[in-house]
Amino acid sequence: MNDKVKGILIGAMIGTMLTGATAFAATGVNINVVAKKLAIYMDGAKKTSADAFIYKGTTYVPIKSTGTAIGKQVGLYGDNLYIGKQPSPKVTAAQAMKLVDDKYGPFAPVYTVEVDHETQTTYTVHVYEAVIDDPATGVGHTATFNWYDVDKFTGKITPMF
C-alpha cells in the first residue's frame with residue numbers, strides 16, 4: 001500500500017476514534033471546527049466527495065468516504081470497525097426465524113413467521129396472521145403479532161413492540 005493511502009486511512013481512523021471518544025465522553029466542552037465539503041482524490045483521480053471538518057489544522061473525513069476512495073468496503077459490527085474484508089454473519093435467515101420462535105413462541109399455526117427484510121447486520125422477522133375479510137373474494141389483511149430484529153452476528157433479538 002503506498003504512503004498516500006496509508007496516510008489517508010490512518011488519518012481517517014484516528015479522526016473517527018477521536019470523534020467517537022469525544023462524543024462518548026460527553027465532557028460538555030465546545031470546540032470550534034470548520035465544516036467543509038471536500039472532493040477525495042486517489043492518485044489524481046476524483047473518487048468521491050465527503051462532508052469533513054477541520055479542527056486545529058487537522059482534516060477529519062468519514063471513514064466510509066475514505067473506504068470508497070481507496071476501493072475498500074467499510075463496516076461497523078458492534079464495537080469493531082472493518083476495512084476491506086468484512087466478517088461473515090453467524091446467523092442465517094432460517095436460524096433467525098427459529099431463534100424468534102424458540103424465544104417468543106411457539107406461535108399458533110395461524111401465524112406466519114418470516115424474514116421480511118434484512119440489512120447488513122440484522123434480519124427483521126415478521127410474525128403475523130393473514131385474515132380473510134371477504135371469503136367470496138379472498139380479500140383480507142395481515143394482523144401483525146410483532147416484528148423482531150435479529151443481529152446476524154450475535155443472534156440477539158430485539159422486539160419492536
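From the Cα gyration tensor of the stretch 93-159, with a ≥ b ≥ c the square roots of its eigenvalues, which class applies: rounded if a/c is under 1.5, or else prolate if a/b is larger than b/c, or else oblate?
prolate
I'd like the Karplus ³J(HN,Hα) series for the stretch 74-90: coefficients 6.51, -1.76, 1.60, θ = phi - 60°, whole numbers in Hz, and an x wherever there's a Gly or Pro.
Using θ = phi - 60°, the values come out as 10, x, 10, 10, x, 9, 10, 9, 10, 10, x, 4, 9, x, 8, x, 9 Hz.
Given a Förster radius of 45 Å and the C-beta distance between residue 160 and residue 55 as r, what FRET efficiency does 1/(1 + (r/R0)^6) yield to the nearest 0.05?
Calculated value: 0.75.
Please give me the summed charge of the neighbours of residue 128: other residues whose Cβ is under 14 Å from its Cβ, Lys and Arg +1, Asp and Glu -1.
-4
FRET efficiency for residue 143 and residue 121, Cβ-Cβ distance as r, R0 = 30 Å, nearest 0.05?
Numbers: r = 28 Å, r/R0 = 0.95.
The formula returns an efficiency of 0.60 here.
Just going by the charge dipole of the stretch 21-161, with Lys and Arg at +1 and Asp and Glu at -1 on Cβ, which of 49, 121, 32 is farthest out on the positive end?
Projecting each Cα onto the dipole axis, the largest value belongs to 32.
Less than 9 Å Cβ to Cβ from residue 140, Lys/Arg counted +1 and Asp/Glu -1: what total charge do the surrounding residues give?
-2
Pop the C-beta distance of residue 73 and residue 37 into the FRET formula with R0 = 22 Å and round what comes out to the nearest 0.05.
My answer for the efficiency is 0.40.
³J(HN,Hα) across the stretch 30-39 via Karplus (A = 6.51, B = -1.76, C = 1.60, θ = phi - 60°), whole Hz, x for Gly/Pro?
The phi angles translate into 8, 10, 9, 10, 10, 8, 8, 8, 10, 8 Hz.
Taking loop as defined by DSSP and a crowding limit of 10 other beta carbons within 10 Å, which trypsin sites (Lys or Arg not before Pro) in the stretch 56-136 fit? The partial results should precede the final answer.
Details: sites: 56, 64, 72, 85, 90, 98, 103; in loops: 56, 72, 85, 90.
Here the trypsin sites (Lys or Arg not before Pro) that fit, given the DSSP loop and packing criteria, are 56, 85.
None of the figures in this text is laboratory data; all of them are computed from the coordinates on show. None of these values were measured; they are calculated from a predicted model. Neighbour counts run over all protein chains shown; Cβ positions are idealised from the backbone, glycine included.
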